[in-house]
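Participant: For reference, the structure I am asking about is given below.
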Amino acid sequence: MYYINMKEYDINNVFSKILQGLIPCNRVYESDFSLAFYDISPRSKIHILVIPKGTYTDFYDFQTNALPEEILDFWQSVANVTEMNNIKDTGFRLISNCGVHSNQEVPHFHVHIVGGQQLNSW
Ligand code: AMP
């Protein structure tokens, strides 16, 4: 499958600015290819965002165009963050908004890790 990303990456999006060091973030974890930080408006006791350092607009752009090592590093980072925050055993939810119907706000691929408390049923 060859996916052509129709959306041009916007280097002025807020996560790009965090990666460029132009605005601060509350960093939780960093690896060669990924960065995790606290969401600025948490929806649960633990609400952390994990982003790749590469410029991918959404899940499909990342899954299709990122290098295998970036993809592996990203999902391992998600797992590491859940372990570091002691929510591996109590449970958590992973969310990635992608595209218009999801109301994706920031056009840089990210996964929300939400947990630290009982969540409403999906
Ligand atoms: P989404 O709707 O999936 O694109 O979610 C974007 C998320 O980014 C929201 O939960 C925002 O609260 C969060 N957010 C926006 N700006 C910042 C920031 N400067 N630092 C941390 N989180 C942010």
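Participant: Suppose a student asked you for the relative contact order of the stretch 13-122, using Cα pairs under 8 Å spaced at least 6 residues apart; what percent would you report? Please report the intermediate quantities before stating the final value.
Facilitator: Working: 168 pairs, mean separation 35.9, N = 110.
Relative contact order for the stretch 13-122 comes out at 33 percent.
Participant: Next question. With unit charges on the beta carbon (Lys/Arg positive, Asp/Glu negative), name the residue among F33, G99, N85 whose Cα is farthest towards the positive pole of the charge dipole of the stretch 1-104.
Facilitator: N85
Participant: Let me ask you something else. If Lys and Arg each add +1 and Asp and Glu each add -1, what is the summed charge of the other residues whose beta carbon sits under 14 Å from the beta carbon of V100? Don't skip to the answer; put the middle values down first.
Facilitator: Values: positive: K7; negative: D58, E105.
Net of charged neighbours comes to -1.
Participant: Can you give the local net charge around W122? Use residues other than it whose beta-carbon is closer than 14 angstrom to its beta-carbon, Lys and Arg +1, Asp and Glu -1.
Facilitator: Details: positive: R43, R93; negative: none.
Overall, the nearby charge balance is +2.
Participant: Another question, if that's okay. Where does each of 110-119, 96-105, 11-20 land if you order them by average Cβ count within 10 Å, highest first? Display every interim value, and only then the final one.
Facilitator: On the way: 110-119: 18.0, 96-105: 11.5, 11-20: 15.4.
Result, highest mean first: 110-119, 11-20, 96-105.
Participant: Tell me, in nm to one decimal, what length is gained between Q117 and E105 on full extension, where the rule is 0.36 nm per residue of separation less the Cα-Cα distance? Display every interim value, and only then the final one.
Facilitator: Working: separation 12, 0.36 × 12 = 4.32 nm, distance 2.44 nm.
Here the segment from Q117 to E105 would lengthen by 1.9 nm.
Participant: Right, here's the next one. I want the local charge near I46. Using Cβ-Cβ distances under 12 Å, sum +1 for each Lys or Arg and -1 for each Asp or Glu among the other residues. Numbers along the way, then the final one.
Facilitator: Details: positive: R43, K45, K88, R93; negative: D39.
So the surrounding residues net to +3.
Participant: Continuing with the same structure: Starting from the Cα of W75, step 7 Å along the direction of its Cβ; do the same at S31; then give the gap between the two resulting points in nm.
Facilitator: The two pseudo-label positions are separated by 1.1 nm.
Participant: Turning to a different aspect of this structure: Quick one: dipole size for the chain, taken about the Cα centre, charges +1 on Lys/Arg Cβ and -1 on Asp/Glu Cβ, in debye to the nearest 20.
Facilitator: Using only the charged Cβ atoms, the result is roughly 420 debye.
Participant: Need one word for the stretch 18-122: rounded, prolate or oblate. Basis is the Cα gyration tensor (sqrt eigenvalues a ≥ b ≥ c); a/c below 1.5 gives rounded, then a/b vs b/c decides. Working shown, then result.
Facilitator: Values: a/c = 1.44, a/b = 1.29, b/c = 1.12.
Taking the square roots of the gyration eigenvalues as a ≥ b ≥ c, the stretch 18-122 is rounded.
Participant: Right, something else. Could you pull out every one of the lysines with an alpha carbon less than 19 Å from that of K53, ignoring same-chain neighbours closer than 8 positions?
Facilitator: Result set, ordered by chain and number: K7, K17.
Participant: Next question. Helix 68-84 sits at what angle to the longest principal axis of the chain, using alpha carbons and giving 0 to 90 degrees rounded to 10?
Facilitator: The answer is roughly 20 degrees.
Participant: With N set to the residue count of the stretch 1-71, report its C-alpha Rg divided by 2.2 N^0.38 Å to two decimal places.
Facilitator: On the way: Rg = 13.1 Å, N = 71, 2.2 N^0.38 = 11.1 Å.
Against the empirical 2.2 N^0.38 Å value, I get 1.18 for the stretch 1-71.
Each reported figure results from applying straightforward, stated rules to the coordinates on display, with no laboratory input. This structure is a prediction, so every number in the text was calculated from the model and none was measured. So basically every Cβ, Gly included, is an ideal-geometry build from the backbone, and we count neighbours across all protein chains shown.
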